[in-house]
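> I am attaching a structure below and will ask some questions about it afterwards.
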Amino acid sequence: MSNTPFPDRPHVKPRGKRAIPSFFGRLWRSALLWFAWPIVKLYVWLSAHLKFPVWAGGDLREFAMRLWSLFWLAFVWVLLWGDITWGNIIVGLVFGLVVMTVLPLPRVPVEGRLHPLAAIRLLLSLMVNFVQSSAQVAWAAVKPGPPPLGAVVRVHVAIKSDLVLTLAVNYINLVPGTMVVEIDHLRRMLYVHIFDVSKQKYIDAFFKQTAYVERQFIKAFERDSEWHPSPFHGIDDDYHHVPFSDRQRVAEEAERDRPSRGMRRRRKDDK
């Protein structure tokens, strides 16, 4: 009599890890323990103990955004001169500080948290959409027949932050064939001009792409579990007039995508 609980069922024999995946796995864990974890502890300690003046933003996140803006203005100054020297860098920092002090822009609250992997995936999808849309627009320009039928389509998004909404609008504008012509700030409504709506599948593809962009921006920048309302918005204006049902719709669409990816993985394992 066999000691195995189910002798009639096939059992997979355990197999050791390969050398290369095992090496990179240990490298990733070591980097997480010895590099990322101390940085996170330092950030938490600085956030709890450092007090930033009002002109510097008031907290660590606002100060980091202002510091990034200063470096970006200095970088643009160096690009304009076309020569990387210490003099151009120092003058760029001085001019950037003067611009931010004398001509300040309206404050853009920082309320979410950046997820690098989701942001990289979003950037890769932008590159793919850019190539595909460029090919479609080029083909529509040279193919015989009547010109494509354009139209303005209204689409509603469940993005809460003004900063993330601006990034999403820039994403849509960078893709050839689509252009945001108007933004309804209160209702979170975008009016987008589509290059070709002669077929229903083109309209369906646009709404599918917009829903994907909406989900990815929420995953990358403003997940509900990590949302920190900014004091510049008072009581946050009820999440900038974004009802809970819209956020729930995005979450349900993301959940529907997960089983499909899991099924594809199981099919690959079965093969």
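> Expressed in nm², what is the orientationally averaged projection area of the convex hull enclosing the Cα positions of region 129-197?
The orientation-averaged projected area of the Cα hull of region 129-197 comes to 4.8 nm².
> What does the highest-first list of 132-144, 63-75, 209-221 look like by mean Cβ count within 10 Å?
Result, highest mean first: 209-221, 63-75, 132-144.
> Can I ask one more? Sorted from largest to smallest, which semi-axis lengths in Å does the alpha carbon gyration tensor of region 117-231 give for its equivalent ellipsoid, taking the root of 5 times each eigenvalue?
They are 28, 16, 10 Å, listed from largest to smallest.
> Apply 1/(1 + (r/R0)^6) to the Cβ-Cβ distance of residue 127 and residue 256, taking R0 = 25 Å, and write down the FRET efficiency to the nearest 0.05.
E(calc), rounded to 0.05, equals 0.50.
> Would you give the gap between the C-alpha center of region 22-40 and the C-alpha center of region 160-233, rounded to a whole Å?
Taking the Cα centre of region 160-233 as reference, the centre of region 22-40 is 35 Å away.
> Under the 0.36 nm per residue contour assumption, what length would be gained going from the current alpha-carbon distance of residue 22 and residue 49 to full extension?
5.8 nm
> Per residue of region 79-86, what does 6.51 cos²θ - 1.76 cosθ + 1.60 with θ = phi - 60° give for ³J(HN,Hα)? Whole Hz please, x for Gly and Pro, Karplus curve as stated.
Residue by residue, region 79-86 yields 5, 5, 7, x, 9, 8, 9, 5 Hz.
> Next up: Once fully extended, how much extra length lies between residue 100 and residue 135, figured as 0.36 nm per residue of separation less the alpha-carbon to alpha-carbon distance?
8.5 nm
> For region 131-221, what's the relative contact order in percent, using C-alpha pairs closer than 8 Å and at least 6 residues apart?
Contact order relative to length: 34 percent.
> Would you mind getting the accessible area per residue of region 72-210, heavy atoms of the protein chains only, 1.4 Å probe, in Å²?
Normalised by residue count, the accessible surface of region 72-210 is 65 Å².
> Determine which residues of region 154-174 fall in the zone a paramagnetic label at residue 249 would reach in this model, i.e. backbone nitrogen under 11 Å from the point 7 Å along Cα→Cβ.
155-159
The values are calculated or read from the model by the stated rules, or taken from the named source; none is laboratory data. Worth saying up front: this structure is predicted, and the values here are computed from it rather than measured. FYI the Cβ positions are ideal-geometry reconstructions off the backbone, even for glycines, and counts take in every protein chain you see. For accessibility, only protein heavy atoms count, side chains too; no ligands or nucleic acids. Shrake-Rupley method; radii C 1.70, N 1.55, O 1.52, S 1.80 Å.
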